[in-house]
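Data first, discussion second: the structure below is written as structure tokens.
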Ligand code: FES
Ligand code: FES
């Protein structure tokens with residue numbers, strides 16, 4: 001009979017491992033999420049798992065980006081009940097039962113959201129890595145203040161970083177979406 005270096009047979013080792021796996025699976029928490037208008041039930045290992053990981057890895061909504069993971073850059077911004085939120089530090093448990101909107105839920109290539117259309121018109125992206133956060137933050141701003149001023153746009157976007165230095169075009173796009181003259 002095969003015996004491993006610790007003196008265990010395969011049957012004995014399996015008996016030690018599988019009950020633990022079954023117990024772990026039995027206690028994994030599940031949450032009901034409302035993402036882009038559709039109900040999703042997800043199971044995670046840890047109720048503190050960031051919403052970002054659930055959106056990207058479980059629901060395959062990869063428009064939302066991982067930048068810093070520390071709520072410092074804005075690349076992971078989604079809307080929670082219409083307000084911008086950093087999904088990299090938001091535990092999935094705290095998003096349960098709330099309306100989550102990702103950039104996939106805004107518009108489509110054929111029918112972009114007005115803010116997406118303004119970003120396209122102003123060519124407000126270079127590498128595009130920050131674009132999700134910029135667009136979602138702008139959508140949140142304009143939902144609250146449809147005719148936001150340039151100063152209000154600057155304040156709203158102050159925490160969103162763009163490594164490519166596209167800020168002027170981004171502000172022009174937000175002003176276009178707000179129905180104002182470009183900055
Ligand atoms: S990845 Fe969330 S703020 Fe940077
Ligand atoms: S366009 Fe590259 S980080 Fe903003």
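The values are calculated or read from the model by the stated rules, or taken from the named source; none is laboratory data. Keep in mind that what you see is a predicted model, and the values were worked out from it rather than measured. Don't worry about glycine lacking a Cβ; one is built from the backbone with ideal geometry, like all the others, and counts go over all protein chains shown.
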Scanning segment 65-79 residue by residue, the ones that are more than 13 Å from ligand 2 (Cβ to nearest atom), more than 10 Å from residue 159 (Cα to Cα), assigned to a loop (DSSP other than H, G, I, E, B) and in contact (Cβ under 8 Å) with a residue 24 or more places away in the chain total 1
Restricting segment 99-112 to residues that are outside any helix (DSSP H, G or I) and surrounded by 15 or more Cβ atoms within 10 Å (Cβ to Cβ), the one farthest from ligand 2 (Cβ to nearest atom) turns out to be 99
Within segment 147-164, the residues that are surrounded by 14 or more Cβ atoms within 10 Å (Cβ to Cβ) and in a helix (DSSP H, G or I) are 150, 152, 153, 154, 156
Practice item. State yes or no: is residue 179 on the phi > 0 side of the Ramachandran plot, part of a loop (DSSP other than H, G, I, E, B) and not assigned by TED's automatic domain parsing to the domain that holds residue 33? Key: yes
For segment 145-155, indicate whether the set of residues that are within 16 Å of ligand 2 (Cβ to nearest atom), at pLDDT 95 or above and closer than 24 Å to residue 62 by Cβ is non-empty.
no
Within segment 113-123, residues within 15 Å of ligand 2 (Cβ to nearest atom) and under 20 Å from the mean Cα position of the chain (by Cα) come out as 116, 119
If you go through 11, 60, the only one that is at pLDDT below 95, exposed (fewer than 14 other Cβ atoms within 10 Å of the Cβ) and away from ligand 2 (no atom under 16 Å from the Cβ) is 11
Looking across segment 78-94 at residues that are under 22 Å from residue 142 (Cα atoms) and more than 7 Å from ligand 1 (Cβ to nearest atom), the single one that is surrounded by the most Cβ atoms within 10 Å (Cβ to Cβ) is 78
Could you check, for segment 158-170, whether at least one of its residues is touching a helix residue (DSSP H, G or I) at 6+ places or on another chain (Cβ under 6 Å), modelled with pLDDT of 95 or more and over 23 Å from residue 88 (Cα atoms)? no
Restricting segment 113-135 to residues that are under 15 Å from residue 165 (Cβ atoms), within 16 Å of ligand 1 (Cβ to nearest atom) and touching a residue at least 40 places away in the same chain (Cβ under 8 Å), the one surrounded by the most Cβ atoms within 10 Å (Cβ to Cβ) turns out to be 134
Being at pLDDT 95 or above and surrounded by 10 or more Cβ atoms within 10 Å (Cβ to Cβ) is the requirement here; does residue 4 meet it? no
